[in-house]
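K.L.:
Please find one structure pasted underneath; my questions will follow.
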């Protein structure tokens with residue numbers, strides 16, 4: 001049963017990644033692209049966690065954590081760049 | 001003396017907890033290392049936080065968290081239904097202005113974060129004198145009701161908590 | 001019929017995986033479907049965060065059942081995402097408003113000062 005649920009979750013996050021990719025390509029404003037990239041990071045974390053469950057190892061936890069942190073910082077940096085034209089003032 | 005050692009007692013407690021969660025194994029050594037970190041980190045970062053955030057009734061915080069968590073689940077179902085089934089031209093998005101009674105920056109930050117996480121609303125901006133919040137509502141026919149619910153459900157609780 | 005603890009755990013893990021996957025999918029789908037940027041901001045900030053929450057709870061239960069000890073560190077990612085989602089949403093909203101929305105399109109503030117990205121904060125500290 002867990003196997004089917006895992007396949008479902010893999011498919012859901014994978015299709016989600018395709019949707020966000022479409023928004024990144026399509027735009028139309030850079031705020032849309034940043035939002036899509038942020039969602040993409042979250043979907044990637046989900047994929048990693050689901051993969052961790054499927055192979056029954058906890059090693060991917062650290063990777064998910066790091067992606068979460070780097071994703072947050074990069075989103076803020078992109079937005080700051082748009083808002084101020086500069087990241088570190 | 002204790003105030004010198006622990007300039008931010010809540011921060012120290014959080015640090016120990018986060019350290020234990022990170023290593024994911026509760027042993028005496030890990031606990032000691034966590035306590036050591038909870039000394040060092042607040043001491044090093046103390047110049048950056050001159051003021052301590054004050055909680056008047058910390059126990060009310062648990063009630064607030066429970067209310068918000070429940071609202072997040074409800075909000076997600078609502079937003080999911082709107083996204084999936086509502087025809088695009090029927091989605092009636094509106095801006096709502098929420099006047100603030102809160103004054104402390106921490107309380108306003110918590111309120112803004114709560115509004116973003118709960119039903120169909122996103123905080124977009126604060127006015128220049130921090131007197132009101134600009135909130136975007138995904139679908140509403142009655143902006144006043146949204147504003148009143150935010151003020152009644154969240155701001156009232158935060159006011160008791162912080163002031 | 002014997003309800004052993006492993007079966008219940010397995011059902012719970014599967015349920016949370018499906019719920020999490022569904023919400024994440026809806027969040028990403030909202031990104032494609034909704035009309036303008038402010039509307040699109042709603043779907044990912046809420047749905048995707050709960051989607052990740054569901055998957056992480058599933059992971060917690062799974063490793064709690066199979067491992068030799070209870071695993072709680074997934075909570076860290078959940079808490080981190082719940083704390084940062086409003087911040088990124090707020091930043092993206094501001095980035096959008098600066099370029100695409102005039103101040104006249106927004107409702108007026110209740111005080112005598114305008115919205116923060118169009119006006120500087122008051123010089124007089126008494127007004128803050």
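What follows draws every value from the coordinates through simple rules; no lab data is involved. Computed from a predicted model, the values in this text were never measured in an experiment. Quick reminder, even Gly has a Cβ in these numbers, built from the backbone with ideal geometry, and neighbours come from all protein chains shown.
K.L.:
Under the condition of being in contact (Cβ under 8 Å) with a residue 12 or more places away in the chain and facing another protein chain (nearest Cβ under 7 Å), which residue from the range B:92-114 is nearest to residue B:144 (Cα to Cα)?
P.N.:
For the range B:92-114, the residue satisfying everything is B:97.
K.L.:
Look at the range C:63-112 and say how many of its residues are touching a strand residue (DSSP E or B) at 6+ places or on another chain (Cβ under 9 Å) and at the interface with chain B (Cβ under 7 Å from one of its Cβ atoms).
P.N.:
11
K.L.:
Which condition does residue B:84 not pass, out of (1) surrounded by fewer than 18 Cβ atoms within 10 Å (Cβ to Cβ); (2) more than 9 Å from chain C (Cβ to nearest Cβ); (3) free of Cβ contacts under 8 Å to residues at least 60 places away in the same chain, if it passes all the others?
P.N.:
Condition (2) is where residue B:84 drops out.
K.L.:
Out of (1) closer than 16 Å to residue A:64 by Cβ; (2) more than 7 Å from chain A (Cβ to nearest Cβ); (3) surrounded by 24 or more Cβ atoms within 10 Å (Cβ to Cβ), what's the single condition that is false for residue C:60?
P.N.:
That leaves (3) as the condition not met.
K.L.:
Continuing with this model, one more query. Name the residue that is farthest from residue C:121 (Cα to Cα), counting only residues in the range B:115-124 that are under 16 Å from the mean Cα position of the chain (by Cα) and within 7 Å of chain C (Cβ to nearest Cβ). Write out each step before concluding.
P.N.:
Here is the first cut: in the range B:115-124, the residues under 16 Å from the mean Cα position of the chain (by Cα) are B:115-119, B:121-124.
Checking the rest, the ones that are also within 7 Å of chain C (Cβ to nearest Cβ) come to B:116-117, B:122-124.
On the way: B:116: 23, B:117: 27, B:122: 22, B:123: 19, B:124: 17 Å.
Applying the filter and picking the extreme gives B:117.
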